1. Six or more apart or on different chains, Cβ atoms under 8 Å: show the pairs whose first residue is in region B:112-127 and assigned by TED's automatic domain parsing to the domain that holds B:HIS81 and whose second is assigned to a loop (DSSP other than H, G, I, E, B) and among the basic types (Lys, Arg).
2. Using the structure shown, decide if B:VAL286 is free of Cβ contacts under 8 Å to residues at least 24 places away in the same chain, within 14 Å of another protein chain (Cβ to nearest Cβ) and under 29 Å from B:THR216 (Cβ atoms).
3. For region A:205-232, give me the residue count where each residue is touching a residue at least 24 places away in the same chain (Cβ under 8 Å) and part of a loop (DSSP other than H, G, I, E, B).
4. Could you list all residues from region B:228-262 that are within 21 Å of B:ARG125 (Cβ to Cβ) and touching a Leu at 6+ places or on another chain (Cβ under 9 Å)?
5. How many residues does region B:273-287 contain that are at negative phi and either buried (at least 20 other Cβ atoms within 10 Å of the Cβ) or in contact with a strand residue (DSSP E or B) (Cβ under 8 Å, 6 or more places away or on another chain) (or both)?
6. Step by step: first the residues of region B:118-141, then only those that are part of a loop (DSSP other than H, G, I, E, B) and not small (Gly, Ala, Ser), then the one that is surrounded by the most Cβ atoms within 10 Å (Cβ to Cβ). Which residue is that?
7. State which residue is nearest to the chain's Cα centre (by Cα) when the search covers only region A:221-234 and only residues that are surrounded by fewer than 20 Cβ atoms within 10 Å (Cβ to Cβ) and of a type outside the set (S, T, N, Q).
8. Given (1) under 29 Å from A:GLU212 (Cα atoms); (2) touching a residue at least 40 places away in the same chain (Cβ under 8 Å); (3) facing another protein chain (nearest Cβ under 10 Å), where does A:TRP281 come up short, assuming only one miss?
There are 2 protein chains.
Amino acid sequence: MKLSKLLVLTISSISLVVAGNLIETAKESGLKPIPSSQSELLKLIDNSKNPITKNKIELGKKLYFDPRLSKSGLISCNTCHNLALGGDDGIPSATGHKWTSNPHHLNSPTVYNSVFFSSQFWDGRSPHLEDQAQGPIQADPEMAAPKKLVVQRVTSIPEYIESFKEAYGDEKITFEKIADTIATFERILITPSKFDKFLEGDKNALNKNEKEGLKTFIDKGCATCHNDIALGGTMQPFPVVGKYKYSNVGDFKGDANSMVKVPTLRNITETAPYFHNGTVWSLAEVVKIMGETQLGVKISNIDTNKIITFLKTLEGEKPKITYPVLPKSTDKTPKPDMN
Amino acid sequence: MKLSKLLVLTISSISLVVAGNLIETAKESGLKPIPSSQSELLKLIDNSKNPITKNKIELGKKLYFDPRLSKSGLISCNTCHNLALGGDDGIPSATGHKWTSNPHHLNSPTVYNSVFFSSQFWDGRSPHLEDQAQGPIQADPEMAAPKKLVVQRVTSIPEYIESFKEAYGDEKITFEKIADTIATFERILITPSKFDKFLEGDKNALNKNEKEGLKTFIDKGCATCHNDIALGGTMQPFPVVGKYKYSNVGDFKGDANSMVKVPTLRNITETAPYFHNGTVWSLAEVVKIMGETQLGVKISNIDTNKIITFLKTLEGEKPKITYPVLPKSTDKTPKPDMN
């Protein structure tokens, strides 16, 4: 065998071993793939109290896109959690009814992969999507619609009644059931990427630079908080080291224990601006700030770029969504109220 | 032949003749079908100066749904011309940037079938969709984005540059070209219904009541203004008879000659509230008001119901639209401005 060929084989083997080790290291660091097996995935995303069905997904999709769930009739779930824009709105502070900005200057988090979060909202006050979905619909600066109005709007539309009957076997429509149905749709908003292929054993799914980026990500300690399937989604102390200096906008201080929900890193390159208050636009800046404030380390430009190279591998394939044609309002549908 | 069978045949023949006559009458009244022939349709909807291509449609769809074309980054064409809601917003007065209502209290018209209009906007000031699309993007109470900002936003995104290159053969992006591309997408937003099948000769496409409704519609004179393919879309005097009594909200007085664009009746059952100022929600009320004010006749409850039965036949099949995944912003993308 020629030396050059031998060398290639040897390097290739080393590379395989290294990649193999990296997969192990990543898993030991708490990183987990979105399973490619549909049955395994379903186990992870399903809700035994509100099982996923095709009918619920289709109805939930309609409700998710229906602005008539808001007081004004102009704002839907998709306004702030826009499935075309990485699952959020791309503006610093969530802005809703009457153009009101979130009173704590909180940034809309992405809905994609939120099913994997251990709790919902920046302060983690909600245990799951079924509960979470009830919040923004009612919140004054968001959709501003009282429960009763939402139920009246939906039940005024015969096609919705029929769809609830098909989805649940009975036609009783409650606010909670509306939120449950939206949550069912949200549960399937999952975006697998080449990182998942890699974690599942495809050593070539990431290239050399991407692997180096992942290694740096782990070595620096990022996976301490950004772990599990979502690379985020749990409550963690914030800030760990130093001051809250990147948070001079808004009054959010986390939950009762100053814990803050860790944002998912999936599709993070698509969901600027960053942090709970949406104050930083540059992902490089974010990586450095996180190093200083959460890990107590200074991350160099070179390492920052490596980490970003890895983060790009988390850009996932979005579910293909047919834009719904919503059932029409009737004479009984409560009118929009812009005030 | 048994008498009963003979009777059925005779009645059936009479019914055919009547339907045949009705098709002729409808055509003589100026009503035209959306052609089922794709080549005939293309001749009607294409723009020789900006020919429809698949690439332009796909890019135009992205731009249509992209809220980054607005100053705030929160309002897209689809916000007010929502393809899920009959092509408009379902609220009385168009509301945009900073929650500002249209200063003349004008209602957002549907985008569906607007390609068939002889002019655009309520005062008909725009000759075609390419020109129209430039308006709301810039208008302060709508998307409020200066031309320069729109071009900067789009050109800051490499995937958009690539798409323009694919669509036009060169990568020069101007505000006018952005509007042209959106218009191309809008040109295909056409909703054929059973009424078109009927006009094209399928005598059974409408049932007895629907035919009676069509006949009443024509007999009462509605087709005088609501004619051609869109059953609307031309400029007409308004009001013809009586006072402007259904227009006590807003200061809109039509064009220089007090002419007002006739709204299309296609999907009219899905696009309440009605009139240029969106003040009337009941279609029955609208039919009666139009009788009095435009035709000088009192339309009875029975005839109103007949006409509405016909109007329901204009609910068309909406084009199936895959919700786009938009290319991500970059560090160069001008930031949202909520003010």
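The values are calculated or read from the model by the stated rules, or taken from the named source; none is laboratory data. Predicted, not measured: the structure shown is a model, and the values here were computed from it. A quick note on method: Cβ atoms are made from the backbone with ideal geometry, for glycine too, and the neighbour counts reach across all protein chains shown.
1. B:TYR112/B:ARG266; B:TYR112/B:LYS318; B:ASN113/B:ARG266; B:SER119/B:ARG125
2. It is true that B:VAL286 is free of Cβ contacts under 8 Å to residues at least 24 places away in the same chain, within 14 Å of another protein chain (Cβ to nearest Cβ) and under 29 Å from B:THR216 (Cβ atoms).
3. Residues that pass the stated criteria total 9.
4. B:ASP228, B:ALA230, B:GLY232, B:GLY250, B:PHE252, B:VAL262
5. 9
6. Going through the qualifying residues, I end up with B:TRP122.
7. So the residue we want is A:ASP228.
8. It fails just one condition, (2).
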